[in-house]
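The values are calculated or read from the model by the stated rules, or taken from the named source; none is laboratory data. Computed from a predicted model, the values in this text were never measured in an experiment. Please note: Cβ atoms are built from the backbone with ideal geometry, for glycine as well, and neighbour counts cover all protein chains shown. Ligands, DNA and RNA are excluded from the accessible area calculation, which covers all protein heavy atoms including side chains. Shrake-Rupley method; radii C 1.70, N 1.55, O 1.52, S 1.80 Å.
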Amino acid sequence: MNKKNPLVWWFCLLFCLVALPAGATTISIQIVQMDDVHGDVTDSSLLIEESIMDFMFSQGYIVSNSPIISDKEKAQNGMILSLDDAINGGADYLAYITVYFNRKKSTASELNLLSNIELAQWSIVKVRDRQQIDAGTEKPGQLVQMDNSEKGINTFGQQLAKVINTALRKKN
């Protein structure tokens, strides 16, 4: 006689009751680099993207990204392309972040300096209905010389991520 272990059935039932309703919110990150000097994606943009993704992951989100847009012509259709990527990736939300650099006045435009970042505009879109749920602008804080480095850029990326996380928590 082929008897099945009742513990297996209890485990399956418990799994269905606990694991299926629990699901993490998925967010897709899109960075658009608006740079008056560099046409290629810069390390500064990559650092911002990485710090945002790391922060959001640490807050329990499933995080994905699309390649950074650094071409001004592609940036015009960036939101549409990003939404398509987010839909195809099964994301719940899209965080669309445009980072404006002001390197023309910089004496070290090739370096990863927080002082080269003017501001970042962000918006959060609910992917399912393509509705913007929140938006804002962030500027780097008071510049302390020791933060005018990759560390400062990471801190600015985390600042952006905290604001986006707060906006998402309010809507959920």
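When 124, 117, 153 are checked against the criterion of being in contact with a strand residue (DSSP E or B) (Cβ under 8 Å, 6 or more places away or on another chain) and modelled with pLDDT of 95 or more, 124 stands alone in meeting it. When region 127-150 is limited to residues that are farther than 21 Å from residue 32 by Cα and surrounded by fewer than 16 Cβ atoms within 10 Å (Cβ to Cβ), the one that is modelled with the lowest pLDDT turns out to be 146. Within region 12-29, the residues that satisfy the criterion of being modelled with pLDDT of 65 or more and either farther than 24 Å from residue 125 by Cα or touching a Gly at 6+ places or on another chain (Cβ under 7 Å) (or both) are 24, 26, 28.
If the condition is being closer than 16 Å to residue 160 by Cβ and open to solvent by 40 Å² or more (accessible area, probe 1.4 Å), then region 56-82 contributes 57, 58, 59, 65.
On the stretch given as region 30-58, residues that are at pLDDT 90 or above, out of contact with any strand residue (DSSP E or B) (no Cβ under 8 Å at 6 or more places or on another chain) and of a type in the set (D, E, K, R) total 2.
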